[in-house]
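Everything below concerns the one structure shown next.
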Number of protein chains: 2
Amino acid sequence: MAPSYALLIDIAPADADRADFADTFTVIDPAQPALPVGELSAQRGDGVFESIGLIDGHAQEVTAHLERLAHSAELCDLPAPHLSQWRQAVAQVAAHAGAGEAVIKLVLSRGVEGGQSPTGWVTVAPATDFAASRADGIRVVTLDRGCPLDAPARAPWLLSGAKTLSYAVNMAALREAKRRGADDAIFTTSDGFVLEAPTASLILRRGDTFVTPAPTGGILHGTTQVSLFARLAAQGFAVAYEEVPASTLASADAAWLVSSVRLAAPIIDIDGLSLPLERELTASLNAYLLSGRD
Amino acid sequence: MAPSYALLIDIAPADADRADFADTFTVIDPAQPALPVGELSAQRGDGVFESIGLIDGHAQEVTAHLERLAHSAELCDLPAPHLSQWRQAVAQVAAHAGAGEAVIKLVLSRGVEGGQSPTGWVTVAPATDFAASRADGIRVVTLDRGCPLDAPARAPWLLSGAKTLSYAVNMAALREAKRRGADDAIFTTSDGFVLEAPTASLILRRGDTFVTPAPTGGILHGTTQVSLFARLAAQGFAVAYEEVPASTLASADAAWLVSSVRLAAPIIDIDGLSLPLERELTASLNAYLLSGRD
């Protein structure tokens, strides 16, 4: 949905020695023009971003998201973000969200073509109501991401593992999934391994072990997946990062796509093969994800 | 360089039945904010674009660029652009460029998140001076694009062949090339075939035959390459689209990266292996590319 509150950030150098960055924020009307057409985010998808879940005004796992923003910036040769500045920006927009679920977006762009400094902005928008997806599950299709599992290690310039603004393929994959009557997609490698969804991570249950594809495959390391694994491990379950053959997907005891805003969506169908819907376990996962997390 | 003149387009439906679209253009100050932060071009690189060379006020090969814009839009499930509207926008910005070389950019974005219609804008900016690259040549390195040659045919959602705004990887490849002391890069497939440069097409000369990688490999069909092939064929040279093994690059009699603004840049070094610089032939190619073309 459209943002309800937004601010532009006058990007501070990573080593700026100050405690308060309020004077570097400019509150803007999110419906009004804020970016020149020379913005490299708009011209080339040249920047990085994060989406943070907000529950009744509490921003979830802010540190994990800020650290991933910094990691994405490093992979893209962008100046290191000053995390205290971004943390304060997140707090300011969170204070304007009100009750219920919302999503905070952080964007760090390379800036205006010919300019000297990056552009940053943070927005907050009401979250889509995902109650049905969380309770009744989603249908997914697997889509070939085109490359073999070892491509990211060979070719770091592919920016695998960076959450860049260049999401045209992710959006095309979601449209293809809907064309096939599904709700979402799971990317696979050309050599038959499972990667991730266009905007979510995959978690499988095999007995008492929860498995997710190893981020060494160049996928984004999901903040929600990491949070859930910590919770599951604390509850005594085994958790594992593995190379997951796509051929084994349908034989999982259960599977979820997890992300910061939709949270845990149980997968009830993969490429036409049904998977068990575990309502109680899923409800407990989402109850945890909806609780205040730092 | 930064745009000197820009206009926003109130997108007309492809079947709009009118001769004059002047009232759908809003001239803007390219240095001032024009796009809201909810723009999907800026949030997700979700849109398509074209770059058109402008020589002393004459926009080159406009029809070919407009047709490719429409092709890219179709691959991205964007509404078909009304080509007469875009043609008139190109003419209006071209009239404000003055003498010398310039570049016109056309952008068609999916629009503002939650909005109903795409966003379009056209800018003109002075061109970088590429005289040295055209005369003395460029050094290139090959970079693995990660996927095998047959990936685009298997996975159309990869949007290969669409000139999308999601150019983060193209920009990362250019930075990697510079890190290696080169001027530009040539993408190769994981199975060893040549694709294209991040912002240009490759042409090789073998004897009297000029060869370019077949666009069936999912590369962008270069307007400058097509224009040059027509010229060369008219001059009696053989031209061919082939699957080009990367291992054969250095054995070419000559090679060029060709694009709409830098035009024909002779390659003098590929991965440290030198290639002959054909000054006369290159000068004749650029003389043609600098002449008025429609």
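The values are calculated or read from the model by the stated rules, or taken from the named source; none is laboratory data. Source: prediction; values computed, not measured. Here the Cβ positions follow ideal geometry from the backbone for every residue, glycine too, while neighbour counts run over all protein chains shown. Please note that ligands, DNA and RNA were not included when accessible areas were found on the heavy atoms of the full protein model with its side chains. Shrake-Rupley method; radii C 1.70, N 1.55, O 1.52, S 1.80 Å.
For region A:112-130, the tally of residues that are touching a Ser or Thr at 6+ places or on another chain (Cβ under 8 Å) and closer than 15 Å to A:S260 by Cβ stands at 3.
Each residue in region B:170-187 was checked for being surrounded by fewer than 23 Cβ atoms within 10 Å (Cβ to Cβ), facing another protein chain (nearest Cβ under 8 Å) and in contact (Cβ under 8 Å) with a residue 24 or more places away in the chain, and 3 pass.
When region A:150-162 is examined, which residues are found to be surrounded by 22 or more Cβ atoms within 10 Å (Cβ to Cβ) and touching an Asp or Glu at 6+ places or on another chain (Cβ under 8 Å)? Listed by number, the residues that qualify are A:A151, A:A155, A:W157. The one condition from (1) part of a helix (DSSP H, G or I); (2) surrounded by fewer than 24 Cβ atoms within 10 Å (Cβ to Cβ); (3) within 7 Å of another protein chain (Cβ to nearest Cβ) that B:G114 does not meet is (1). With the condition kept exactly as written, say whether any residue in region B:105-127 is acidic (D, E), closer than 15 Å to B:I52 by Cβ and assigned by TED's automatic domain parsing to the domain that holds B:L54. No. Within region A:150-169, the residues that satisfy the criterion of being facing another protein chain (nearest Cβ under 8 Å) and out of contact with any helix residue (DSSP H, G or I) (no Cβ under 8 Å at 6 or more places or on another chain) are A:R154, A:A155. Taken over region A:254-283, the criterion of being under 18 Å from A:S201 (Cβ atoms) and not in a strand (DSSP E or B) is satisfied by A:S260, A:V261, A:R262, A:L275, A:E278, A:L281, A:T282. Within region B:43-82, being over 27 Å from A:S41 (Cβ atoms) and either within 14 Å of chain A (Cβ to nearest Cβ) or more than 17 Å from the chain's Cα centre (by Cα) (or both) holds for B:D56, B:G57, B:H58. When restricted to residues that are over 29 Å from B:N170 (Cα atoms), part of a loop (DSSP other than H, G, I, E, B) and more than 14 Å from chain B (Cβ to nearest Cβ), region A:1-40 contains 7.
Can you find a residue that is within 30 Å of A:R145 (Cα to Cα) and either of a type outside the set (G, A, S) or modelled with pLDDT under 95 (or both) anywhere in region B:278-294? There is no residue in region B:278-294 that is within 30 Å of A:R145 (Cα to Cα) and either of a type outside the set (G, A, S) or modelled with pLDDT under 95 (or both).
Here's a check for you: in region B:129-149, which residue that is at the interface with another protein chain (Cβ under 9 Å from one of its Cβ atoms) and within 26 Å of A:L78 (Cβ to Cβ) is surrounded by the fewest Cβ atoms within 10 Å (Cβ to Cβ)? Step by step, filter region B:129-149, then rank; the result is B:D144.
Output yes when any residue across region B:195-207 is of a type in the set (D, E, K, R) and more than 28 Å from B:A70 (Cα to Cα), and no when none is. Taking every residue of region B:195-207 in turn, at least one turns out to be of a type in the set (D, E, K, R) and more than 28 Å from B:A70 (Cα to Cα). Which number in (1) out of contact with any Ser or Thr (no Cβ under 7 Å at 6 or more places or on another chain); (2) part of a helix (DSSP H, G or I); (3) open to solvent by less than 40 Å² (accessible area, probe 1.4 Å) marks the one condition that B:Q225 misses? So the condition that B:Q225 fails would be (1).
Would a scan of region B:249-270 turn up a residue that is under 18 Å from the mean Cα position of the chain (by Cα), open to solvent by 40 Å² or more (accessible area, probe 1.4 Å) and either touching a residue at least 12 places away in the same chain (Cβ under 8 Å) or not assigned by TED's automatic domain parsing to the domain that holds B:K163 (or both)? No; the residues of region B:249-270 include none that is under 18 Å from the mean Cα position of the chain (by Cα), open to solvent by 40 Å² or more (accessible area, probe 1.4 Å) and either touching a residue at least 12 places away in the same chain (Cβ under 8 Å) or not assigned by TED's automatic domain parsing to the domain that holds B:K163 (or both). Residue check: A:S190 meets all listed conditions (1) in a strand (DSSP E or B); (2) touching a residue at least 40 places away in the same chain (Cβ under 8 Å); (3) not β-branched (V, I, T) but one, namely (1).
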